[in-house]
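Step one of this worksheet: look at the structure below.
Bear in mind that the values in this text are calculations on the coordinates, not laboratory data. The model shown is predicted, which means the values in this text are computed figures rather than measured ones. As a convention, Cβ positions derive from the backbone with ideal geometry for all residues, glycine included, and neighbour counts pool all protein chains shown.
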Amino acid sequence: MNIFRLVGDMSHLLAIIILLMKMWKSRSVAGISGKSQILFAIVFTTRYLDLFTSFVSIYNTSMKVFFIGTSYVTVYFIYQHFKPTYDSNHDTFRVEFLIVPVGGLAFLVNHEFSLLEILWTFSIYLESVAILPQLFMVSKTGEAESITSHYLFALGSYRALYLLNWIYRYYFEGFFDLIAVVAGCVQTILYCDFFYLYITKVLKGKKISLPA
Amino acid sequence: DTGKTLHDEL
């Protein structure tokens, strides 16, 4: 465990907590894409099936359980508990355009042709694009609340920090996972436009609002 | 090789 990975994980954890707090305190899921959150629930479920087959550490296991658990709570909040506040009219990204190609790719390009490994690969590929419905929603409504921006920033930073972690692990541990690295780069690139807006607007006290 | 890949990251 190096500092980049630890801070990356903490950033991921923080993103999830920010999102849950935003929903709980405001009693609203306005501005949040339910589709992205469903994709994240699928990502965690398919990736962490190894909870049943291998043990890495108590840290690793508890984080996995937390990520899976909170992803379902989030989906429950959006589609049940705070459903009247869910803005489905603006959450219109067609997720099948992500799931089908990503599923096909995981089947074709993986480390090992086994069920668990294909599902792990699927989750890595899917995670890299899972934020697209959310980014699409922000661009469609042309705005994002500050709290939603903080959530997106923390969530995007996590994979960017993992890129540094992989550089570190390559040099100091000889560890290299091409699938994770390529997907991590794609994931981070997707956030670049948002990172720019976040730094130039949100950090200066303005909320993100895009020209119509 | 046991054919099992261990993923130690989250």
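Taking the radius of gyration and the Kirkwood hydrodynamic radius from Cα positions alone, what is the Rg/Rh ratio for the stretch A:154-205, to two decimal places? Result for the stretch A:154-205 is an Rg/Rh of 1.11. In the stretch A:41-183, the convex hull through the Cα atoms has an average projected area of 10.1 nm², a quarter of its surface area. Just checking the listed ones, A:THR85, A:THR74, A:THR45: in the Gaussian network model of chain A with Cα springs under 10 Å, the one fluctuating most is A:THR85.
What does the charge add up to near A:GLU145, with Lys and Arg as +1, Asp and Glu as -1, over the other residues with Cβ less than 13 Å from its Cβ?
+3
Considering only C-alpha atoms, what is the centroid distance from the stretch A:195-212 to the stretch A:19-68, in Å? Taking the Cα centre of the stretch A:19-68 as reference, the centre of the stretch A:195-212 is 27 Å away. Taking amide hydrogens as placed 1.01 Å from N in the peptide plane, the amide H of A:GLU143 sits under 5 Å from those of A:LEU210, each at least 5 positions away in sequence or on another chain. Fully extending the segment from A:TYR79 to A:ALA212, taken as 0.36 nm per residue of separation minus the present Cα-Cα distance, adds 45.0 nm. Angle check, please: helix A:34-47 long axis (alpha carbons) against the longest principal axis of chain A (alpha carbons), in degrees 0 to 90, nearest 10. Tilt relative to chain A: about 10 degrees. In this Cβ point-charge picture (+1 for Lys and Arg, -1 for Asp and Glu), chain A has a dipole of about 780 debye about its Cα centre. How do A:ASP87, A:ASP50 rank when sorted from fewest to most other Cβ atoms within 10 Å of their own Cβ? Listing A:ASP87, A:ASP50 from fewest to most nearby Cβ atoms yields A:ASP87, A:ASP50.
Placing dummy labels 7 Å off each Cα toward the beta-carbon, the span from A:SER114 to A:THR61 is 2.0 nm. Selection among A:PHE66, A:PHE195, A:ALA106 by position relative to the dipole of chain A gives A:PHE195 as farthest towards the positive end (Cβ unit charges, Cα centre).
With the cut-off at 23 Å, tell me which of the pairs A:LYS25/A:LYS206; A:LYS64/A:LYS206; A:LYS25/A:LYS83; A:LYS83/A:LYS140; A:LYS140/A:LYS201; A:LYS35/A:LYS206 have Cα atoms farther apart than that. Correct reply: A:LYS64/A:LYS206; A:LYS35/A:LYS206. The GNM of chain A, with springs linking C-alpha atoms under 10 angstrom apart, assigns the highest mean-square fluctuation among A:PHE44, A:PHE77, A:PHE175 to A:PHE175. Relative to the longest principal axis of the Cα atoms of chain A, the long axis of helix A:58-76 lies at roughly 30 degrees. The order of the peptides A:32-42, A:183-193, A:57-67 by mean Cβ neighbours within 10 Å, most packed first, is A:32-42, A:183-193, A:57-67. Annotation: the residues A:ASP91, B:ASP8, sorted from fewest to most other C-beta atoms within 10 Å of their own C-beta, follow the order B:ASP8, A:ASP91. With K and R counted +1 and D and E -1, the other residues having a Cβ less than 13 Å from that of A:PHE176 yield a net charge of -2.
Computed from the Cβ-Cβ distance with R0 of 22 Å, the FRET efficiency linking A:TYR168 to A:ILE189 stands at 0.65. Against the longest principal axis of chain A, how steep is helix A:3-26, in degrees 0 to 90 to the nearest 10, with axes from Cα atoms? Long axis of A:3-26 versus the principal axis of chain A: about 30 degrees.
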